[in-house]
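Working notes for the structure below.
The values are calculated or read from the model by the stated rules, or taken from the named source; none is laboratory data. Keep in mind that this is a model prediction, so the values were computed, not measured. Methodologically, a virtual Cβ is constructed for each residue, glycine included, from the backbone with ideal geometry; neighbour enumeration extends over all protein chains shown.
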Amino acid sequence: MHKRYWVIALSSLALLAVLGTARPLLRRQTPNEAWQGALTDPAFLPDNRKRDAEYRTKLVLAAIDARPGEKIADIGAGGGYFTFKLSRLVGNQGMVIATDCDPKALEYLRGYTRSKGFRNVVVRAVEVWDPGLDTPVDKVLMADLYSFRQAGETRDYFTRLHRTLAPGSKVVVFQSHSGVSSSKGWFGSILTGEEMVASVKGLFAVEKDRRFARAPSGLDWDAYLIVLKRI
Ligand SMILES: C[S@@+](CC[C@H](N)C(=O)[O-])C[C@H]1O[C@@H](n2cnc3c(N)ncnc32)[C@H](O)[C@@H]1O
């Protein structure tokens, strides 16, 4: 009997030790793994009519408010759902820099850009911790990156972004599954809207901050849409 208790106690301790070390490791690894399933979900591919019809998509496009001639960075472009819409909106005199850290997404973006003849789209490989913009852009879109998980790392990232952008440049951050109203979203440790706002303090001013609660249907996820202006 005693032996059994000892076995249970020791196994529990071993499990706690594993969890104790695994958690911070996971958290550290997560940004580098980012969410790279963009090509497995049709929602992230260009010309997805269902996503076009979504209220939140319309709000994201309204927030970025792309104008002819503008230079816009679509960071974490994935399959280019927003990239090619932005390309049409900025027109021949404008430019869209579509970045991603996933080689598969980059290959898809390059293929689509070439096959459809988008001349104002530049596809660029970046590291997850670095916006990778070497010249200023007018606006930046970051839609559903799933990579901001720790306040310190997020601040470092936005500090780099701040260095490249001119004062007044706009940055739109849209993030689903952010766990704003429920205990935690599916992707648990993504920064909440509050944490995101706190992470950019002193670098970017908050122009708009909208939170979306998960709809009772369960299909519309917790999300936030934050519009920032480079100070
Ligand atoms: C869920 S998809 C969203 C794609 C697109 N923005 C959209 O809304 O359809 C996320 C994409 O962002 C990329 N990604 C995540 N974090 C990134 C980062 N820090 N820099 C560049 N790409 C990133 C992933 O590789 C993936 O292709």
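Results, tabulated for the structure shown:
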quantity: The stretch 82-123, subset part of a helix (DSSP H, G or I), touching a residue at least 40 places away in the same chain (Cβ under 8 Å) and under 19 Å from the mean Cα position of the chain (by Cα), residue nearest to V140 (Cα to Cα); calculated: L86
quantity: Filter result (closer than 20 Å to A125 by Cα, assigned to a loop (DSSP other than H, G, I, E, B), touching an Asp or Glu at 6+ places or on another chain (Cβ under 8 Å) and not hydrophobic (A, V, I, L, M, F, W, C)) within the stretch 58-79; calculated: G76, G78
quantity: Residues (among the basic types (K, R) and either away from the ligand (no atom under 14 Å from the Cβ) or surrounded by 18 or more Cβ atoms within 10 Å (Cβ to Cβ) (or both)) located in the stretch 97-122; calculated: R114, K116, R119
quantity: Matching entry among D74, D65, D130, D52 (being under 24 Å from T159 (Cβ atoms) and either free of Cβ contacts under 8 Å to residues at least 60 places away in the same chain or more than 9 Å from the ligand (Cβ to nearest atom) (or both)); calculated: D130
quantity: Unique residue being of a type in the set (G, A, S), crowded, with 19+ Cβ neighbours inside 10 Å and either modelled with pLDDT of 90 or more or within 11 Å of the ligand (Cβ to nearest atom) (or both) when the list is G168, G94, G179, G185; calculated: G94
quantity: The one condition in (1) over 19 Å from E107 (Cβ atoms); (2) modelled with pLDDT of 85 or more that P46 fails to fulfil; calculated: (1)
